[in-house]
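Encoded as structure tokens, the structure appears first; notes follow it.
What follows is calculated from the coordinates using simple rules that are stated; it is not laboratory data. Everything quoted here is computed from the prediction, not taken from an experiment. All Cβ positions, even for glycine, are placed from backbone atoms using ideal geometry, and neighbour counts span all protein chains on display.
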Amino acid sequence: MKTEPGRIRRICTLVLTTFALTAALTGPAGPALAGPPPAMLEPAGVVPLPPELDPGFYHPPVEVVAARAPGEIIAVRPVRVANFGLIPLNVDAWQVSYRSNNSRDEAIPAVATLLKPRGTAAAPRPLLSVQIAEDSTAGYCTPSYALQHLSAAPLLGQIVAPAEFVFAQAALQQGWAVVIPDHQGPDSAYAAGPLAGRITLDGIRAATSFAPLEAGDTAPVGMYGYSGGSIATGHAAELHASYAPELNIVASAMGGVGADLGAALEMSNNQATSGLVFAAVMGLAREYPEFAGFLDRNLDAVGKTLMTLKAPLCVQYQSALLPFLNLKGMMRTAGDPMRDPAVTAMLDDTRMGQSVPGMPLFVWHSAWDEILPLHSTNALVDTYCRDPGARVHYTRDHASEHIAAEVTGGPAALLWLRDRLTGVPAAPGCTTTDVPTMLATPGELPFLASVFGETVASFFGKPIGAR
């Protein structure tokens, strides 16, 4: 298990060799970095390179990373972003490489995509950090690669990042700047919430320090994440006060919440969603050495074979490959593997509810969610709301399942964030509401129509954010 990240990169390199041949015709993606000043690199090639074939940007030297402060930019390069890798967007876009910390507060490299709409905005420009549900275990599945023009990731199983990119475009249409972090980190540690929270907060630090984005240190900042993205968003909200208190984060919205990974595994065992949850088990092993050792000692031959087969896959194939797995049955333990000290320590560290976020929260969840259990989100909201200072707006949608709930609830979350980013205070205290569908949220249907119209217009080159 300790050598798995290196083995994964070798496997993915074989899968992606054809990209290297094409990219060689377009010039290098950027040199290895040395020295303290941020380096403005040449634009990415016409055919972008995935992280496995772009170590100069994604994996700068250890000493270069360690010399930076958390959130400090190492290198910047302009990129072209596109819908599903094919339809370019008329926006300004950059990738930044920056220093972050893992869950043991050790220096690691991180990458985020920065987006600025066309047109002018009052200074400072509001900033939304969008945590896309990467839900994968290979570098070429990262949002920073998947969202680029001519990226192959959408064809290779990363279907979530292009779909959720629509929510980032809705934010750009409001005139906001957007930062999209690769919150799983350099080893694609899927579901490792404390790691993702740190990378998210450091991505905001990098974005607010990057002058061309026009969102400075005083910019109002919001955070948005659904499903796998909720893990990063929720942990970032909880870590804000202790890890990055200087950031002006005024609101966070998270849906389909991954509040308790142990409960998610219990619910998925022997079910259709077990393939996706097994990928989370793999990702967690990359961030928690004791848990990796537990798997190495106890996972049977079937489980180890599956880890090898699934390691280089993006979310679509992680979900589809061998569902209905008996995840617990692959463990050769005398009793319930969930009670092993290495497992409980990891689950305790990744469970939300460690602290109460200081900013107001918009939380929503499908009442019939088949991937992440509703009762865990209910318990999380109850935990937060025991604090008299908590401000939580919680909605349970009864006419959806996991995927549909983002479609119905995401626009409502953006409308709520718009109020917070424009200075409208959130209601005090906590509210919990059950609704037939969040599509009935006041103003949501006109907002959806506007987003759809602007998105279609952008397919024909209309500048996003221009008024």
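The figures follow:
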item: Computed [θ] at 222 nm, deg cm²/dmol, the chain (DSSP H ≥ 4; -39,500 (n - 2.57); rounded to nearest 500); result: -12000 deg cm²/dmol
item: Signed unit charges on C-beta, dipole axis of the chain, positive-most listed residue Ala427, Ala110, Pro212; result: Pro212
item: Student exercise, the chain dipole from Lys, Arg, Asp, Glu Cβ charges, in Debye to nearest 20; result: 720
item: Given charges at beta-carbon only (K, R positive; D, E negative), |dipole| of the range 81-173 in Debye; result: 320
item: Projected-area mean, the chain, by convex hull of Cα positions, square nanometres; result: 20.0
item: Cut-off 18 Å, label 7 Å out along Cα→Cβ of Ala241, residues of the range 388-423 by amide N; result: 388-393
item: Sequence-distant aspartates and glutamates (8 or more away, or on other chains) whose Cα lies within less than 14 Å of Lys116; result: Asp92, Glu214
item: The chain: DSSP helices with Cα axial extent of at least 15 Å and average Kyte-Doolittle hydropathy no lower than 1.0; result: 160-173, 274-287, 444-459
item: Formal net charge of residues neighbouring Ala107 (Cβ-Cβ distance under 15 Å; K, R +1; D, E -1); result: -2
item: Charge tally in the Cβ shell below 11 Å around Ala146, where Lys, Arg are +1 and Asp, Glu are -1, Ala146 excluded; result: -3
item: Whole-number percent relative contact order across the chain, with pairs defined as alpha carbons under 8 Å at least 6 apart; result: 16
item: Gain upon complete extension [Lys328, Leu86; 0.36 nm per residue less C-alpha separation]; result: 83.0 nm
item: Cβ-Cβ FRET estimate between Ala457 and Leu155, R0 fixed at 35 Å, reported to 0.05; result: 0.85
item: Fraction of beta bridges assigned by DSSP in the chain that are antiparallel (%, nearest 5); result: 40
item: Shape category assigned to the range 146-265 from the gyration tensor of Cα positions, a/c cut at 1.5; result: oblate
item: The range 227-368 shape via C-alpha gyration tensor axes, a/c threshold 1.5; result: prolate
item: Tensor-based shape of the range 346-386 (alpha-carbon gyration tensor, a/c under 1.5 rounded, otherwise prolate or oblate); result: oblate
item: Formal net charge of residues neighbouring Lys328 (Cβ-Cβ distance under 9 Å; K, R +1; D, E -1); result: -2
item: Selection from Thr350, Tyr224, Pro360 lying farthest towards where the dipole of the chain points positive, charges on Cβ; result: Tyr224
item: Arg118/Val407 FRET efficiency (R0 25 Å; Cβ-Cβ; nearest 0.05); result: 0.40
item: Listed residues Leu414, Pro463, Met438: farthest to the positive end of the dipole of the chain (Cβ charges); result: Pro463
item: Cα pair distances in the range 386-460, grouped into 5 Å bins until the bin that holds the longest one, percent each; result: 3, 14, 19, 22, 18, 13, 5, 3, 1, 0, 0
item: Distance in nm between pseudo-label sites at Ala440 and Arg297 (7 Å out along the Cβ direction from Cα); result: 5.4
